[in-house]
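Everything on this sheet refers to the single structure shown next.
The values are calculated or read from the model by the stated rules, or taken from the named source; none is laboratory data. On a predicted model such as this, the values are computed, not experimentally measured, just so you know. All Cβ positions, glycine included, derive from the backbone under ideal geometry; neighbour counts span all protein chains shown. Calculation scope for accessible area: heavy atoms of the full protein, side chains included, ligands and nucleic acids excluded. Shrake-Rupley method; radii C 1.70, N 1.55, O 1.52, S 1.80 Å.
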Amino acid sequence: MKHTISVLVENHAGVLSRITGLFSRRGFNIDSLAVGVTEDKTVSRMTIVVEADSYTVEQLEKQLNKVVDVIKVRTIPQEDLISRELMLIKCNAGGRTRSEILDIAKIMNAKIVDLTKSTMTLEICDLPARLDLLEELLKAYNIQEVMRTGTIALQKGAAAVGAKG
């Protein structure tokens, strides 16, 4: 089962390496990792998505809490999760295919961010499953490049995985 772990860490060099090293030493693969500064510039939020059972995630939480630079760790339950991922996708778009790609972009709520005589680059921010769907729909148009950010997530409602919350 996929689990989303939110980790607040001190915002300085070497923290990311220590966190990912912890996963590596224990043989866990990280499905997605996104890191960014929070409302407090001295604190960064890491959103880590892993495929593991509940016991393993509990052990990971305990190990993460032992890392000196970690401020707070919480696994966000699926039902309390708001998550998004950003994707840029460039595909061939000459002649009649251009209008077909525009139709797909409109249906999927993707934006056209670059257009040339032969290519079109789309941007979409949505659930990972929707990004997978758009990528599948565009395979017929010879995808040239794809870049995805990894999942970012916050907890729904008033609860917060914040240094103060």
Over all directions, the chain yields a Cα convex hull whose mean projected area in nm² is 11.3 nm²
Carbon/sulfur accessible area of the chain, % of total, 1.4 Å probe, equals 54 percent
Largest-first semi-axes in Å of the equivalent ellipsoid built from the Cα gyration tensor of the range 6-59 are 22, 12, 9
The summed charge of the GLU135 Cβ neighbourhood (under 12 Å; Lys/Arg +1, Asp/Glu -1) stands at -1
The answer for the range 1-48, accessible area per residue at 1.4 Å probe in Å², is 52 Å²
If every Lys and Arg gets +1 and every Asp and Glu gets -1 at its Cβ, then about the Cα centre the chain yields a dipole, in debye to the nearest 20, of 280 debye
If exposed means trypsin sites (Lys or Arg not before Pro) lying in a DSSP loop and surrounded by at most 13 other beta carbons within 10 Å, then the longest stretch of the chain lacking such sites spans residues 42-95
